[in-house]
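Accompanying notes for the structure given below.
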Amino acid sequence: MHKSGIQTKLLFVICLFVLLNFPGLMASQQDKPVITSDTLDLKTFGFLAYPYLFYSPETEFAFGAGGIVFFRTTTETFIQPSKVVFSGYYTSNHQYYLGLKPEIYFPGEKGFFLLTNFIFSKEILKFYGIGNQTPEIADPGYEMDVFKIILEGYKNNFLISGFQTGINYKYSNNEMIDKKDNPHLVSGDVPGQDGGITSGIGLGGFFDTRDNLFFPTGGGYYKFSFTVFNSFFGSDFNYTRYILDLRRFISFAEDIFAMQIYSELSSGTPPFFDTPALGGSVHMRGYFEGRYRDRQYLTGQLEYRKILWWRIGGILFFSTGDVADRLRDFKLSTLKFSYGAGLRFVFDESERINLRVDYGRGKGSDGIYFNIEEAF
């Protein structure tokens, strides 16, 4: 596909996204008076910036800086706090990452919510093939330059109180820099082995009853979405992605239990680099992200959280999950398990924002993960 054609279609879908959500944003702004320094409590603003040094299976040793700016767009307590998370790092194996993730809750009864994510990175990853029993290989690595945009806009559904529905757009330009003698990418017939563009638009909705956005002790978060990637939107690949994310939080005095069921399901033929991947810092901690890939991914995790002393907390977690080509191909005999523990430092006590470091173990693998906010 010609570059000019891709740019034209990319501009089209971005304009469509804005036009579909602009009325909701305007309506939400009209529901409340204009917020000024007289009506907005300035104490609702806060920020954290920090340097960090960490190690993970995906990056090896890395150093960089990150932070979060959090604020409330209104003094109304039913509006969740907004945040802008930013990070950048460079690694010992010559990767780099720059990310910016604003999540804005606008004032008003319409409950308009905008989530965006911008990523620019050079990634040295590993690909062992497609399937849940792929063997170790001598040269699993490959190198890619990635530019990614995610846009999601939601507002309150007039039929169901508290349920928000909206539209999403996802774009990713993946340039294959070096296949590094990976046998699947050099000689195999793998979709996306030479890189490519994914571009899709879809719908979604979520229901959020958490008592705190950053460190919930009660309530739940239930979200679903689907995104259609198609050549009409400038995509080099045609497939559909369905995501279901169910979370529940229960507390007994100072003991908190967090549970999550998460799935990524695909129809069509996604490129290998956007095929659901098991592992990483969020799900199945302890496995290298992408150690197993296939079109369908199901996982669940249970985490115990507790403040131990002053601003220091600890967690224990257990996860299980697997990938498969079709839903009927999942088997108990091939399920993967991981477990681990972590420490927390409560940076902001009023909003309960934590810095976290986790150690996870899977079968024959482990990893250390450093981040801001909880895994889920």
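Tabulated results
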item: Where a residue in the stretch 176-188 is open to solvent by 60 Å² or more (accessible area, probe 1.4 Å) and its partner, wherever it lies, is modelled with pLDDT under 95 and not in a loop (DSSP other than H, G, I, E, B), with Cβ under 8 Å and at least six apart; result: LYS180/GLY141
item: Within the stretch 276-297, considering residues that are hydrophobic (A, V, I, L, M, F, W, C) and buried (at least 22 other Cβ atoms within 10 Å of the Cβ), the one modelled with the lowest pLDDT; result: PHE288
item: Number of positions in the stretch 231-260 that are surrounded by 15 or more Cβ atoms within 10 Å (Cβ to Cβ), part of a loop (DSSP other than H, G, I, E, B) and among the acidic types (Asp, Glu); result: 1
item: Residue count, the stretch 84-111 (criterion: in contact (Cβ under 8 Å) with a residue 24 or more places away in the chain, open to solvent by less than 50 Å² (accessible area, probe 1.4 Å), under 30 Å from LEU159 (Cα atoms) and not small (Gly, Ala, Ser)); result: 4
item: Residues (of a type in the set (D, E, K, R) and touching a residue at least 24 places away in the same chain (Cβ under 8 Å)) located in the stretch 308-341; result: ARG311, ASP322, ASP325, ARG326, ASP329, LYS336
item: Test result for PHE273, modelled with pLDDT of 95 or more, open to solvent by 10 Å² or more (accessible area, probe 1.4 Å), outside any loop (DSSP other than H, G, I, E, B) and farther than 28 Å from LYS126 by Cα; result: no
item: Enumeration of residues in the stretch 140-160 that are open to solvent by less than 70 Å² (accessible area, probe 1.4 Å) and either more than 30 Å from ARG72 (Cα to Cα) or assigned to a loop (DSSP other than H, G, I, E, B) (or both); result: PRO140, GLY141, TYR142, GLU143, MET144, ASP145, VAL146, ASN157
item: Which listed residue is touching a Phe, Trp or Tyr at 6+ places or on another chain (Cβ under 6 Å) and on the phi > 0 side of the Ramachandran plot, from GLY279, GLY290; result: GLY279
item: Checking ASP181 against (1) in a loop (DSSP other than H, G, I, E, B); (2) at pLDDT below 95; (3) over 29 Å from TYR292 (Cα atoms), the condition it does not meet; result: (3)
item: Top-ranked residue of the stretch 207-227 - restricted to ones that are assigned to a strand (DSSP E or B) and either of a type in the set (Phe, Trp, Tyr) or open to solvent by 30 Å² or more (accessible area, probe 1.4 Å) (or both), ranked as nearest to PHE257 (Cα to Cα); result: TYR221
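The values are calculated or read from the model by the stated rules, or taken from the named source; none is laboratory data. Keep in mind the model is a prediction, meaning the values are calculated, not measured. Heads up, the Cβs are rebuilt from the backbone with ideal geometry, glycines too, and the neighbour counts pull from every protein chain shown. Please note that ligands, DNA and RNA were not included when accessible areas were found on the heavy atoms of the full protein model with its side chains. Shrake-Rupley method; radii C 1.70, N 1.55, O 1.52, S 1.80 Å.
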